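The numbers here are math on the coordinates, done by the rules we state, and not lab data. Computed from a predicted model, the values in this text were never measured in an experiment. Glycine also receives a Cβ, built like all others from the backbone with ideal geometry; neighbour counts cover every protein chain displayed.
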Amino acid sequence: MLKTAEHRWVPTLPHERTMTALEVMACRQGRQPGTGTAEGPFVHPFVSHGRWGVRCPECGSACQASRFDPRFWCPTCFTDGDPWLPVAWTPDCERAETALSVRPVLETRNWRAFDPDEPVAVLEAENTVYLTRRVKAVR
Ligand SMILES: [Zn+2]
């Protein structure tokens with residue numbers, strides 16, 4: 001399983017119990033995102049070293065993404081009250097998670113979901129080569 005915002009931003013305080021992980025992240029940084037979600041631009045998830053992330057289209061900052069809360073709000077450059085941006089999760093993300101989760105080395109769990117040159121089939125083909133080499137190296 002790849003890590004998400006839910007692994008890092010766990011609601012523990014009484015006032016956080018009704019918040020999503022992303023809302024906890026903003027709250028703990030003293031920020032207040034708006035209540036609405038903009039119609040765009042969409043941000044696209046990626047995987048880096050086994051963690052789902054999204055990159056801010058404005059400043060380039062990366063934040064952990066949530067598989068349960070398909071929104072993004074940049075604590076670096078957005079102003080309090082700005083709306084969330086939608087995250088473009090696709091069915092391929094589930095398939096990519098399956099492909100990457102079998103890799104034993106965390107640093108090899110990477111994927112650019114937004115890159116048409118790196119479809120999930122590429123990850124699966126890499127697994128065939130990578131996992132075969134690892135098995136041979138162990139023998
Ligand atoms: Zn930003």
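Okay, here's what the table says:
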quantity	calculated
Charge dipole (debye, nearest 20) of the chain; +1 at Cβ of Lys and Arg, -1 at Cβ of Asp and Glu	780
Max mean-square fluctuation residue, GNM over the chain, Cα-Cα springs under 10 Å, options ARG71, ARG95, ARG55	ARG95
Förster radius 25 Å - calculated FRET efficiency between MET1 and ARG28, Cβ distance, rounded to 0.05	0.60
Qualifying GluC sites (Glu not before Pro) for the range 3-53 [loop in DSSP, other Cβ within 10 Å: at most 16]	GLU39
LYS3 long-range amide H proximity, modeled H, under 5 Å	ARG51, TRP52
Reference-scaled alpha-carbon Rg (2.2 N^0.38 Å with N residues) for the range 5-138	1.19
Built amide H within the under 5 Å cut-off of VAL43, gap 5+	VAL87, ALA88
Furthest towards positive pole of dipole, THR128, ALA113, GLY81, structure part the chain, Cβ charges	THR128
